[in-house]
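Below is one structure; the comments refer to it alone.
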Amino acid sequence: MISCQDFFDILNKCDLSFFTGIPDSTFKEWMKFLVDKDEVVLKNLIACNECEAVALAAGYHLATNKVGVVYMQNSGLGKAINPLTSLCDPDVFSIPILLMIGWRGEPGKVDAPQHKKMGKITLPLLETLQIPYWIIEPDLKIIEKKLKEVIAHFEAGKGPYAFIVRKKLFQNYDLEKAVINNYTLSREEAISVIMQNLNNDEIIVSSTGFVSRELYEYRESNIKDHYKSFYNIGSMGCASSIGLSIALQKPDRKVIVFDGDGAAIMQMGAFTTIGKYSPSNYVHIIFDNNSHESTGGQPTNSDIIDFAKIALACNYKSAKLIKTKSALIKAIPEIKEQKGLLLVVIKIQKNARPDLNRPEKTPKELKNALMNYFNN
Ligand SMILES: Cc1ncc(C[n+]2csc(CCOP(=O)(O)OP(=O)(O)O)c2C)c(N)n1
């Protein structure tokens, strides 16, 4: 393992001090370091998705002639392919970027099913993209030597270069600037309050990360009615659109989306489609903890935006902001009986249980159960 400070010192010596991206738990210690040192010795821009992060690093290069570092989970490589090929590629504008890609689903290692495919194809994908890569070795001397080669690659105008990050590369880093909010409700408690009070025939589409795991545990510890859920464990940001399409196809069923603030921001354009088609059987709930809690609690930009105003401006019929358990209980009748597209933002604290399980059923089993439920 290497220390975050030592790794940064090596990057900094090569004038690499601009960072942006979307976090991954593979390098959550490194993420804590970036959050702490932002505006101190480096710049760390919180992006909305990996596509934007590449664009931010490109703009940084255009303005400074320096190279930006873009961090992402390998799932985000899918989102970044367009700007990597049509903006940064040596055949187009040839913009140098150092990618740091967390390798989830590495072949031979145990990981969640949504990472399996991307884990397998990460290196071949980079080869297809003609982006050279190196799997970081936990040895500072070797890293320093490699970085010299990478800088030569950049100076020769050959476009992006990728560093692949395996789990446990970075030593523990104690965060000093933790994001603390004063909200009292936890997501798990909010889920439980909502679930206990619904009619029990609603379809819940839940977002990537802890929210799906918590909803799964809720159903598992009650009547195990997973068939009324679509657990969107991958494709971060897509839960609201999956829910929209189900709501449009099944107008007699109420569809409730359990979203995260990071996921909602990642695909915020979906608000416009949801508003345009405006199904009256759709409730969009955002559990807003101002962080990517599932990957280590790194901040999102939700603190400076107003989801409710955005939703109303996108033609949602109504929007509510909830900050306490009692306010949530009061809002339940509206969530149940709402006629017209509704957004509910629930401000929550960051305190997911460390012993949260992952779904035992496979994605296909869960999908088939839901589809059978629709057919019967
Ligand atoms: C495209 C993509 N980028 C990054 C990730 C890694 N990832 C999984 S969950 C998550 C955080 C989600 O944040 P939010 O929606 O706010 O929910 P929270 O974790 O706070 O419950 C991230 C970044 C991913 N799955 N997909």
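The values are calculated or read from the model by the stated rules, or taken from the named source; none is laboratory data. This is a predicted model, so every value here is computed, not measured. Using ideal geometry, Cβ is built from the backbone for each residue, glycine included, and neighbour counts are taken over all protein chains shown. Each accessible area value is taken on the protein alone, full model and side chains, heavy atoms only, with ligands, DNA and RNA left out. Shrake-Rupley method; radii C 1.70, N 1.55, O 1.52, S 1.80 Å.
Taking the Cβ of Asn315 as the center, what net charge do the other residues with Cβ under 13 Å away carry, scoring Lys and Arg +1 and Asp and Glu -1?
Net local charge, Asn315 excluded: +3.
With labels modelled as points extended 7 Å from the Cα through the Cβ direction, what inter-label distance (nm, one decimal) is found for Ser326 paired with Asn172?
Between Ser326 and Asn172, the simple spin-label model gives 4.0 nm.
Does segment 201-263 come out rounded, prolate or oblate, given a ≥ b ≥ c as the square roots of the eigenvalues of its C-alpha gyration tensor, rounded meaning a/c under 1.5 and, failing that, prolate meaning a/b above b/c?
Oblate.
Taking the Cα centre of segment 4-116 as origin, work out the dipole magnitude from +1 charges on Lys and Arg Cβ and -1 charges on Asp and Glu Cβ, in debye rounded to 20.
Using only the charged Cβ atoms, the result is roughly 140 debye.
Roughly what % of DSSP beta bridges within segment 200-340 run antiparallel, to the nearest 5?
Counting only bridges with both partners in segment 200-340, antiparallel ones make up about 15 percent.
Once you sort the root eigenvalues of the Cα gyration tensor of segment 94-162 as a ≥ b ≥ c, which label holds: rounded (a/c under 1.5), prolate (a/b larger than b/c) or oblate (the other case)?
oblate
Report Rg/Rh for the chain, rounded to two decimals, where Rg is the Cα radius of gyration and Rh the Kirkwood radius.
Result: Rg/Rh = 0.99.
What does the C-alpha gyration tensor say about the overall shape of segment 42-88? Classify as rounded when a/c is under 1.5, otherwise prolate if a/b is larger than b/c, or oblate.
Oblate, since a/c reaches 1.5 and b/c is not below a/b.
Hey, can you grab everything whose amide H is under 5 Å from the amide H of Phe230? Only 5+ residues off in sequence or another chain; H modelled, so Pro and N-termini drop out.
Counting only residues 5 or more places away or on other chains, the set is Ile204, Val205, Ser206.
Give me a comma-separated list of calculated 3J(HN,Hα) values for segment 255-266, in order, Karplus coefficients 6.51, -1.76, 1.60 applied at θ = phi - 60°, integers in Hz, x for any Gly or Pro.
Coupling constants for segment 255-266: 10, 10, 9, 9, 10, x, 5, x, 5, 5, 5, 4 Hz.
Computed FRET efficiency, Cβ-Cβ of Leu140 and Ser94, R0 35 Å: what is it to the nearest 0.05?
The pair Leu140/Ser94 has a calculated efficiency of 0.75.
Per the Kirkwood formula on distinct C-alpha pairs, the Rh of segment 232-376 is how many angstrom?
16.1
Taking 8 Å as the Cα distance limit and 6 or more residues as the minimum spacing, I'd like the relative contact order of the chain as a percentage.
Relative contact order for the chain comes out at 16 percent.
May I ask you to evaluate 6.51 cos²θ - 1.76 cosθ + 1.60, the Karplus curve with θ = phi - 60°, for each residue of segment 287-298 and list the ³J(HN,Hα) values in order in whole Hz, giving x for glycine and proline?
8, 9, 10, 6, 7, 8, 5, 5, 10, x, x, 5
Taking amide H positions as placed 1.01 Å from N in the peptide plane, with prolines and chain starts having none, which residues 5 or more places from Ile164, or on another chain, fall under 5 Å of its amide H?
Those qualifying (amide H under 5 Å, at least 5 residues apart or on another chain) are Ile101, Trp134, Ile135, Ile136.
With all protein chains present, how much of the accessible area of segment 66-222 (probe radius 1.4 Å) comes from carbon and sulfur, to the nearest whole percent?
51
Note down the magnitude of the dipole of segment 11-69 about its Cα centre, charges +1 on Lys and Arg C-beta and -1 on Asp and Glu C-beta and zero elsewhere, to the nearest 20 debye.
180
Would you calculate the separation in nanometres between label points at Lys276 and Ala63, each defined as 7 Å from the Cα along the Cα-to-beta-carbon direction?
With each label placed 7 Å out from Cα toward Cβ, I get 3.1 nm.
How much accessible area per residue does the chain have, counting only protein heavy atoms and a probe of 1.4 Å, in square angstrom?
For the chain, the per-residue accessible area is 45 Å².
Work out how much length Leu356 to Ser3 would gain on full extension: take 0.36 nm times their residue separation and subtract the Cα-Cα distance, in nm to one decimal.
Taking 0.36 nm per residue and subtracting the Cα distance, the gain is 124.3 nm.
In deg cm²/dmol and to the nearest 500, what is the mean residue ellipticity at 222 nm of the chain if only DSSP H runs of at least 4 residues count, each as -39500 (n - 2.57), divided by the residue total?
Computed ellipticity for the chain at 222 nm equals -12500 deg cm²/dmol.
In the Gaussian network model of the chain, springs joining C-alpha atoms below 10 Å, which of Asp303, Asp24, Asp355 carries the largest mean-square fluctuation?
Residue with maximal mean-square fluctuation among Asp303, Asp24, Asp355: Asp355.
Tally the DSSP beta bridges in the chain and give the antiparallel ones as a percent, rounded to 5.
In the chain, approximately 5 percent of DSSP beta bridges are antiparallel ones.
Skipping prolines and chain starts, which residues have an amide H placed within reach, meaning under 5 Å, of the one on Phe170, given they are 5 or more residues away or on another chain?
Correct list: Ile2.
How high is the relative contact order of segment 1-85, in percent, with contacts defined as C-alpha pairs under 8 Å that are six or more residues apart?
36 percent.
Given 0.36 nm per residue, what is the gain on full extension from Thr85 to Glu334 after removing their alpha carbon distance, in nm?
The Thr85-Glu334 span can extend by a further 85.0 nm.
For the charge dipole of the chain, defined by +1 on Lys and Arg C-beta atoms and -1 on Asp and Glu C-beta atoms about the Cα centroid, which residue among Ser192, Leu129, Leu356 has the Cα displaced farthest towards the positive pole?
Looking along the dipole axis, the top candidate is Ser192.
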